[in-house]
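**Q** Before we start, here is the structure in question, set down as structure tokens.
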Amino acid sequence: MWEKWKKIGTIFCVMFKIGCFTFGGGWGIVAQMQEEFTERRHWVTEEQILDFMSVGRSLPGLMIMNISVMFGYTVAGPAGAFAATLGLSAPALLVFALVTYFYTAMKQIHTINRVLNGVRSAVIPVIIGASWKMKGQALVSKISYVIMAAAFLVCAFTKVSKPMVVILGAVFGLMLGIIQDRKMRDGKEGGQP
């Protein structure tokens, strides 16, 4: 029992730390979760993190919160989901409360704008690095590369919503799986006397 509560406390503390340094949107969390919970603690696999991202992006609400709920639940049940969500959101709520309180004075400070520009620029390599590490789990066949390239082009050059791109990727993957299963089944049936 003590081990479970210790794990829940660790989830809260680590997610609080991640929440303190997650700038530029929810994608920055992926690299930090991978380092903390896959490489360091071995609580989840890279494949699970990819699944959390896929499902979290497809569900309504903030992707980062969806990911934290799924992660916490996977590791420690409902209490883990609550601890992960609370830990991740607490720093943002505290900072938001302070910024709101001092907003008029802070909006006149040019240094703060420069700091935020630097932070946003640093987030891009973090996201690319996390994506590069997980490509072995996500890109498992030639068709995976085609889906990735098509999704990138749609995201970069059209106004199709990102959740729709994810849903279309899921549908396309399902259709290809059905086609491959039929080919394998037909091949086995054709080989029988």
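**Q** With respect to Gln180, is the statement that it is modelled with pLDDT under 85, surrounded by 11 or more Cβ atoms within 10 Å (Cβ to Cβ), touching a helix residue (DSSP H, G or I) at 6+ places or on another chain (Cβ under 6 Å) and polar (S, T, N, Q) true?
**A** Criteria not met by Gln180.
**Q** Please go through segment 128-147 and give me each residue that is without any contact (Cβ under 8 Å) to a residue 12 or more places away in the chain, more than 21 Å from Ile29 (Cα to Cα) and part of a helix (DSSP H, G or I), ordered by number.
**A** Scanning segment 128-147 gives Lys142, Ser144, Tyr145, Val146.
**Q** Could you list, ordered by first residue, the pairs with Cβ atoms under 9 Å in which the first is in segment 53-77 and part of a helix (DSSP H, G or I) and the second is crowded, with 21+ Cβ neighbours inside 10 Å and hydroxyl-bearing (Ser, Thr, Tyr), at least 6 apart or interchain?
**A** These pairs meet every condition: Gly56/Ser68; Ile64/Thr22; Met65/Thr85; Ser68/Thr85; Val69/Thr85; Gly72/Thr85.
**Q** While we're on this one: Go through segment 79-91 and count every residue that is surrounded by fewer than 22 Cβ atoms within 10 Å (Cβ to Cβ) and under 12 Å from Trp5 (Cα atoms).
**A** Residues in segment 79-91 being surrounded by fewer than 22 Cβ atoms within 10 Å (Cβ to Cβ) and under 12 Å from Trp5 (Cα atoms): 1 in total.
**Q** A further question on this structure: Considering only residues of segment 40-51 that are under 21 Å from Lys4 (Cβ atoms) and in a helix (DSSP H, G or I), which is nearest to the chain's Cα centre (by Cα)?
**A** So, considering only residues that are under 21 Å from Lys4 (Cβ atoms) and in a helix (DSSP H, G or I), the one nearest to the chain's Cα centre (by Cα) is Gln48.
**Q** Considering every residue within segment 87-103, establish whether at least one is assigned to a helix (DSSP H, G or I), hydroxyl-bearing (Ser, Thr, Tyr) and within 18 Å of Phe21 (Cβ to Cβ).
**A** yes
**Q** Something else now. Within segment 148-168, work out how many residues are farther than 15 Å from Met53 by Cβ and in a helix (DSSP H, G or I).
**A** Adding up the residues that qualify gives 9.
**Q** Cβ-Cβ distance below 7 Å, separation of 6 or more or different chains: which pairs start in segment 100-117 with a residue that is assigned by TED's automatic domain parsing to the domain that holds Phe21 and surrounded by 10 or more Cβ atoms within 10 Å (Cβ to Cβ) and end on one that is part of a helix (DSSP H, G or I) and at pLDDT 75 or above?
**A** Qualifying pairs under 7 Å: Met106/Val99; Met106/Ile112.
The values are calculated or read from the model by the stated rules, or taken from the named source; none is laboratory data. Keep in mind that this is a model prediction, so the values were computed, not measured. FYI the Cβ positions are ideal-geometry reconstructions off the backbone, even for glycines, and counts take in every protein chain you see.
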